[in-house]
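Quick notes on the structure that follows.
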Amino acid sequence: FDKKNTINNTFNTNKKIFDSIDGSIGTIFVSEFTKELTQKLHGNFNKKNIVINNSVPISIFKPDGENKRKKLKIKKDTFVIIASSSWRRHKRLSEILEFFNLINSEIKNLKLIILGEVKKKIIDKDIIYAGKIEPMKLPDWYRTGNIYINLAWIDHNPNTLAEAIACGLPSICTNNGGNRELIENCDAGIVSNADENFNFELVDYYNPPKPNYKVLKNDFLKIYENYSFYKNNIKYENISLEKASIKYIK
């Protein structure tokens, strides 16, 4: 849905996707968002389908286990924000850094840990760039945090959000894309209405708008000030790979 054809020609890419759908007996979507997007852009979608959100092995991604606080010399009372991605422009790392700068001036003892390779870094004593992490080592990093933030614009259903939720992190995302489904299905935090609604049309995908930081801040503070409530209410079983596998088999 990139009208600028930034990486590939959008029409040609979609044609390959739609040809695959048309030649199949049915379609599994990773989110209701992806299903609706496909229906709108395809124009003649009539296949049997089911939605199965992304999931993780909860025997590996779990709240209990080691973390990196001692190694990183992070104090017990420090509130740590985790952000993780294969960083591309629509993932809105710049906006995460701007938002952190905003709240870091108002909340004491905050740190931000960024997982994944970052080309342009803003040097700040309260920001830790962990770089690319091997998949099996990710749980230790997630468990180092208190909250997970995902500001990706119009994303389908990110694995990183599923991993963070499974590791016990209350999470916050914005209201476009399939991100919200993971949080809502697991009662894992707040979907912030910090973005304007996406109308399922072609957009300048790699030039995302800034979220409404005021709305985002208010939602962040809801989790921060009621942390135990959000952490204790996460429904981990809803994000398990085992549960999703049963759906795939059926």
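The values are calculated or read from the model by the stated rules, or taken from the named source; none is laboratory data. Note that the structure is predicted; figures quoted are calculated from it, not measured. Neighbour counts are summed over all protein chains in view; Cβ atoms, including those assigned to glycine, are modelled from backbone coordinates with ideal geometry. Calculation scope for accessible area: heavy atoms of the full protein, side chains included, ligands and nucleic acids excluded. Shrake-Rupley method; radii C 1.70, N 1.55, O 1.52, S 1.80 Å.
Assorted remarks:
- Taken over region 223-250, the criterion of being basic (Lys, Arg) and either touching a Gly at 6+ places or on another chain (Cβ under 7 Å) or under 12 Å from Ile58 (Cβ atoms) (or both) is satisfied by Lys231, Lys235, Lys243.
- Qualifying positions in region 125-139 - under 17 Å from Thr78 (Cα atoms) and open to solvent by 100 Å² or more (accessible area, probe 1.4 Å): Lys125
Results for (1) open to solvent by less than 70 Å² (accessible area, probe 1.4 Å); (2) assigned to a helix (DSSP H, G or I), shown as yes or no for each residue.
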{"residue": "Asp195", "(1), (2)": "yes, no"}
{"residue": "Phe200", "(1), (2)": "yes, no"}
{"residue": "Tyr206", "(1), (2)": "yes, no"}
{"residue": "Pro211", "(1), (2)": "yes, no"}
{"residue": "Lys217", "(1), (2)": "yes, yes"}
{"residue": "Ile234", "(1), (2)": "yes, no"}
{"residue": "Ile246", "(1), (2)": "no, yes"}
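- Selection within region 169-189 - aliphatic (A, V, I, L, M) and either within 10 Å of the chain's Cα centre (by Cα) or surrounded by fewer than 21 Cβ atoms within 10 Å (Cβ to Cβ) (or both): Ile172, Leu182, Ile183
- Total residues in region 1-16 satisfying the condition of being among the hydrophobic types (A, V, I, L, M, F, W, C) and either touching an Asp or Glu at 6+ places or on another chain (Cβ under 6 Å) or surrounded by 14 or more Cβ atoms within 10 Å (Cβ to Cβ) (or both): the figure is 1.
- Failed item, numbered, when Arg92 is tested on (1) open to solvent by 20 Å² or more (accessible area, probe 1.4 Å); (2) on the phi > 0 side of the Ramachandran plot: (1)
- Residue match in region 96-105 (condition: among the charged types (D, E, K, R) and crowded, with 20+ Cβ neighbours inside 10 Å): no
- Residue within region 35-54 that is within 17 Å of the chain's Cα centre (by Cα) and open to solvent by 20 Å² or more (accessible area, probe 1.4 Å) present: yes
- Per the conditions (1) open to solvent by 50 Å² or more (accessible area, probe 1.4 Å); (2) touching a Leu at 6+ places or on another chain (Cβ under 9 Å), the sole criterion not satisfied by Tyr148 is (1).
- Those residues of region 142-168 which are more than 10 Å from the chain's Cα centre (by Cα) and of a type in the set (Ser, Thr, Tyr), in sequence order: Tyr142, Thr144
- Selection of first residues in region 69-80 that are of a type in the set (Ser, Thr, Tyr) and of second residues that are in a helix (DSSP H, G or I), restricted to Cβ pairs under 6 Å at least 6 apart or on distinct chains, gives an empty result.
- Residues of region 65-84 that turn out to be at negative phi and in a loop (DSSP other than H, G, I, E, B), as a count: 8
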